[in-house]
Amino acid sequence: MSADLKLRLGVNIDHVATVRNARGGAYPDPLRAALMAEAAGADGITAHLREDRRHISDGDIDGLMAALSVPLNFEMAATEEMQRIALRHKPHAVCLVPEKREERTTEGGLEVAREENRLAHFIAPLRAAGCRVSIFIAADRRQIEAAHRIGAEVIELHTGAYCDAHAEGHLDARDRELASLREMAGYAHSLGLEVHAGHGLTYDTVQPVAAFPEVRELNIGHFLIGESIFRGLGPAIAEMRRLMDEARS
Ligand code: PXP
């Protein structure tokens with residue numbers, strides 16, 4: 001497979017920090033997990049520094065920036081505090097995500113269309129600092145067009161609704177979600193945007209998304225960290241990598 005066609009796997013290590021924080025100490029260390037993920041074939045590491053620091057901490061970001069050899073995809077809300085942190089570190093990529101304190105995880109995509117002006121100004125200095133700016137959005141034409149207009153280079157399509165429908169056995173809804181992800185991946189690509197996807201992906205749901213030729217990267221966390229309890233982190237990642245490559249070939 002040529003390097004151009006290879007689908008990148010970004011491993012999200014947030015939930016190693018969730019387990020660490022359950023006891024308030026230093027173990028297990030997300031940086032150690034990130035280095036193991038790198039060794040197991042992750043093409044990048046993703047970490048979400050939430051406003052409430054419920055999992056990843058500022059110190060984790062310092063450690064990742066200092067020690068990783070693969071790119072860091074820094075997920076953050078579009079706030080001034082996070083912009084300052086991103087500009088200090090200048091990670092390879094910044095992925096803007098919506099954030100609500102009361103949510104358990106990132107529930108929906110970012111509302112770009114309604115906040116176009118503010119977000120255009122928000123991402124300009126990040127782009128000037130050399131970060132690739134990605135916007136996490138639903139598979140919605142209006143949001144894709146707005147992301148394109150504000151100067152984002154990448155969109156990440158939210159696969160959560162597709163994965164939830166699969167898990168709940170709503171197969172018609174799952175297939176509708178998948179069809180809309182496929183169509184919107186094609187549309188975003190036709191505008192010149194690089195297309196990523198993620199949220200909720202598992203061994204059961206990854207292959208149909210991995211098969212979309214326009215998708216260049218998947219970001220996967222919760223399932224891989226959970227599966228590592230049973231198989232170990234390296235083998236859990238290796239199996240995801242195998243399924244992605246199989247879907248692609
Ligand atoms: N992509 C984005 C933008 C996310 O916010 C998350 C969750 O932090 C993921 C991917 C990974 O989702 P999951 O942990 O469900 O695999």
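Structure notes:
- Span per principal axis, largest first, for the Cα atoms of the range 1-147 (Å): 43, 41, 28
- The chain: mean projected area of Cα convex hull, nm²: 12.7
- Length-normalised contact order of the chain in % [C-alpha pairs under 8 Å, at least 6 apart]: 20
- Stretched out straight at 0.36 nm per residue, the stretch from D245 to R104 would grow longer than its current Cα-Cα span by 47.7 nm.
- In range of the label at R141: residues from the range 169-206 whose backbone nitrogen is under 19 Å from the point 7 Å along Cα→Cβ: 176-193
- Highest mean packing comes first when the peptides 174-183, 46-55 are listed by Cβ atoms within 10 Å, giving 46-55, 174-183.
- Span from the the range 202-217 Cα centroid across to the the range 1-77 one, whole angstrom: 21
- The range 152-207 shape via C-alpha gyration tensor axes, a/c threshold 1.5: prolate
Every number here is computed from the coordinates shown, using simple stated rules; none is lab data. Small disclaimer: the values here were computed from a predicted structure and weren't measured. When we count neighbours, we look across all protein chains shown, and the Cβ atoms used for this are built from the backbone with ideal geometry, even at glycine.
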